[in-house]
Every structure is written in structure tokens, then in C-alpha cells.
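Encoded as C-alpha cells, the structure appears first; notes follow it.
The values are calculated or read from the model by the stated rules, or taken from the named source; none is laboratory data. Here the structure is a predicted model, which means the values were calculated and not measured. Glycine gets a Cβ as well: all are built from the backbone with ideal geometry, and neighbour counts include every protein chain shown. To get the accessible areas, we keep the full protein, side chains included, count just its heavy atoms, and leave off ligands, DNA and RNA. Shrake-Rupley method; radii C 1.70, N 1.55, O 1.52, S 1.80 Å.
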Amino acid sequence: MKYMGDYPSKRTRSVNELTDQIFEGALKAEPLKDEIYCQIIKQMTENHVKYSEEKGWELLWLCAGLFPPSNVLLPHVQRFLQSKKHHPLASDCMQRLQKALRNGSRKYPPHLVEVEAIQHKTTQIFHKVYFPDDTDEAFEVESSTKAKDFCLNISGRLLLKSPDGFSLFVKISDKVISVPEGDFFFDFVRHLTDWIKKARPAKDGIVPSLTYQVFFMKKLWTTTVPGKDSFADSIFHYYQELPKYLRGYHKCSREEVFQLGALIYRVKFEDDKSHFPSIPKMLKEMIPQDLIRQLSPDDWKRSIVAYFNRHAGKSREEAKLMFLKVIFKWPTFGSAFFEVKDILTTYPFTKISNWSSGNTYFHITIGNLVQGSKLLCETSLGYKMDDLLTSYISQMLTTMSKQRNSRGHSK
């Protein structure tokens, strides 16, 4: 009643304070879901106050995007919507109901973005997604959109050959977190912002800014072969591998460094030689940081120019592919790197039997669970290691089951 304006409320509230109060209980207790539908519809029935009725439609629209009513109540909700089919939101609510029946119930109340959208009479929500090559595009996201659907939509628009190995990431404050495939997109973002709010309480009454950005990037690299998908190479693989190379994370020969420096120049400027005099000032963008001091700036320039001339006429895209093909030969291609203070011991992945992570640690069990040795590492990036291990194992199991099934069919 407060949301619909049927019950006076003096104090101003944050956009989703009331919607949280309305929907939180129902998301935790199944029987309350029907109760919410009944209360909203009751409040909209014979409500002759135009403002109040419109606010009721907003709540019904939000509700239909969160969870469906039970099979007993469903026909009554559908009949109500059919009786109001002249209203612009009726058919949209009906579609949202069908999607909720198909995709299941959300876990969290509506995200701020969803509440603001319907309050501004917008039923389409577009979300900006950023890519590693510094471009971005807007994609429609619905209340029922799961991360997997979102990834399929993006990879289709970008004409990628396959979405395998790609993931959505949400960047919020100092963290970049991968969105699990099966999560509803708005649930995940909502959960993340709530978690960070708890971790960073308001200082002097000021709530920390929780703006976030969504990135789409390659996450799992085991099946990546440069040259197989030119769009993936051009937009993702080159721009994701380049910073790791420049930070000095790979072992490479000096000849390779000359060649890669020339290819990086070509990606920047193609056949334009007018920037040659600036090469000594651009070494940080062309040479691994741990190797820059091995030669004088002019020596680097001389060698890079010599290699550049060998590739005359090559395009920017060809240079990106040549760069990737050199790195692809190295055992560390596509790796995620974590900096360590000291190497105490080295274990193969096959020896890891269990792991867990928290805000400040990453915990590994080596060998069997009873007699195995345990290693506790202090790090703020435990969540990333945890997610990568889980995701690679999941990908491996999927591949194995596909192979088993195809063997079964071929018999």
C-alpha cells in the first residue's frame, strides 16, 4: 500500500527499499509467493485511483519477472491479466509469467535497474558490455536472462564461432568477478552489490559508490588455437594476452621479443613508419618490463625496425594473428598469473584434491583428503583461483561426458 500510494508515508526512501520489503519474504518462503500475487491483484481490483493502479501494475510486472504463482493460482492470475488486456503492461506481464514458469524462480528481489526501468515506463532494459579491445555494445537483458543466455547473445552478435570458454565478468570496486553460467544476471549483480555493501559499511553516513561494469572476456583457454576464429583473435585473444606478455610473465628469447615488438608496432600503426622515432619512448608498450633494461632504447628501436621491415604489407589483423601464433608455442599461453613472494614447493594440478577460498586466503589440500598436506596461502585473489579451478574442472567433465556419449552413439 505504501508503494502504491494507498497508505501515506512521509519519509523518502531509496528506489528499491519497498520492493525489497515486499518480495524478500516470498523469495525465502514458497507459500508467500502466492500471497504476494493475491495481495497485489486485490489492491488493483476496483482501485479507482489512477496513480495507485499504475503503481500496482509496476509491482505485478516486477513480481512476474521474479517467480511464477503455484499451479493452483496460475489460472486466476492469467484470467486477471486477460481481463485487463487493454492495459499496455498486461501482455508483457503474461510473457514474463511464461518465462518465469520456464526458467524458475529468482533468488533475490528486483535489482535497482529493474525497478527504475518500470518506474520510467520502460519494459526493455539495455546493458552496456565492454570488450578487451576497448569497444562496447548495448544488449537487452531481461529479468529472466541467465548468464549463459547473455553469453550466447553476445557471441552471436560478435559472430564468434563458439561461446565456449567465454564468460561475463562484473567489475565492482577493486574486484572483477566471473558470473556463473546458471545464475540469473540481475540476481548475481544484486548479490554482489549486497555483499560489498556489507563488507564496506557506510562511513560518516555515506554509502560507498557501487557502480559496476560488465565485461565479456575469454576465461578458459584449453581449446584456444589462434587462427581458428578470427573475430575471437582480433577482439579478445590478442588484447587479453598482450598485457600478460608486457608484464614479463612469459619466458621468451630475445629474437622473439624483437619479432613481437615489431608486430605490436604494426597492430598500432600498420605500415606507417612515421612513428619509428617515438619507439624509444614507447618501449613499455612493446617490450616485457623485465627485459627493457637489457638493451639501450636505440638498440631496441633498431632491432624492432629490422623485424618490422620483414613483415612489409601485413595488415593489423594479420599482425595480431602472428603475435598470437608466437605466444601459442609457449607452455604459459592463455594462463592466468598470480604473483608469489617465494616459491616454496611445486605441485601438478592432478595432485590437488580440494581447495577453498576467503577474502584473505586460498587453501589447498594436496594428495588424499585424510593424509594429504595442506597449504594455506595469503592472498586477496583467492576467489579468482577458486573460480578458475572450478571452471576448468567443469569444462573438463563436460568434454569427457561429450566424448563418452559420442562413443556410445558410434557403437
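Couple of notes before you dig in:
- Here the accessible area is traced with a 1.4 Å probe on the protein chains. For the stretch 2-120, carbon and sulfur cover 55 percent of it.
- On Cα atoms only, tilt of 74-83 relative to the major axis of the chain in degrees: 80 degrees
- Probing with 1.4 Å while keeping every protein chain in the model, the per residue accessible area of the stretch 230-328 equals 50 Å².
- Taking 0.36 nm per residue of sequence separation and removing the Cα-Cα distance, the Ser14/Met400 pair yields an extension gain of 134.1 nm.
- Cross-link pairs beyond the 22 Å C-alpha cut-off, checked among Lys148/Lys325; Lys10/Lys50; Lys33/Lys171; Lys320/Lys384: Lys148/Lys325; Lys33/Lys171; Lys320/Lys384
- Dipole of the chain computed with +1 at Lys/Arg Cβ and -1 at Asp/Glu Cβ about the Cα centre; of Thr360, Phe328, Leu295, farthest Cα towards the positive end is Phe328.
- Identified option (computed Rg and Dmax of the Cα atoms in Å; candidates [x] 26.9, 84; [y] 23.6, 67; [z] 22.0, 65): [x]
- At a probe radius of 1.4 angstrom, the accessible area of the stretch 349-409 per residue rounds to 71 square angstrom.
- Highest mean packing comes first when the peptides 152-159, 118-125 are listed by Cβ atoms within 10 Å, giving 152-159, 118-125.
- Relative contact order [Cα under 8 Å, 6+ residues apart], the chain, whole percent: 10 percent
- If only the Cβ of Lys and Arg carry +1 and only the Cβ of Asp and Glu carry -1, the dipole of the chain around its Cα centre is close to 680 debye.
- The shape of the stretch 349-409 comes out oblate: with a ≥ b ≥ c from the C-alpha gyration tensor, a/c is at least 1.5 while a/b does not beat b/c.
- Charged side chains reduced to their Cβ positions (Lys and Arg at +1, Asp and Glu at -1) give the stretch 2-120 a dipole of some 120 debye around its Cα centre.
- Over the C-alpha trace of the stretch 297-411, radius of gyration and Dmax come out as 21.5, 64 angstrom.
- Cα-projected label distance for Arg302 with Lys228, points at 7 Å along beta-carbon direction, nm: 4.2 nm
- Taking every C-alpha pair closer than 8 Å and separated by at least 6 residues, the mean separation divided by the residue count of the stretch 307-411 gives a relative contact order of 15 percent.
- Mean shadow area of the stretch 224-297 over all directions, Cα convex hull, nm²: 5.5 nm²
- Relative counts (whole %) of C-alpha pair distances in the stretch 31-101, using bins that are 5 Å wide: 3, 18, 32, 30, 13, 4, 0
- Counting only residues at least eight positions apart within a chain, or on another chain, the aspartates and glutamates with an alpha carbon under 12 Å from that of Lys128 are Asp136, Glu137, Glu140.
- Once both labels are positioned 7 Å from their Cα atoms along Cα-to-Cβ, the gap between Ile343 and Ser162 label points is 3.2 nm.
- Carbon and sulfur %, accessible surface of the stretch 283-411 computed with the full protein complex present, 1.4 Å: 55 percent
- Rolling a 1.4 Å probe over the protein heavy atoms gives the stretch 72-177 an accessible area of 51 Å² per residue.
- Burial ranking of peptide ranges 93-103, 317-327, 232-242 (average Cβ count within 10 Å, highest at the top): 232-242, 317-327, 93-103
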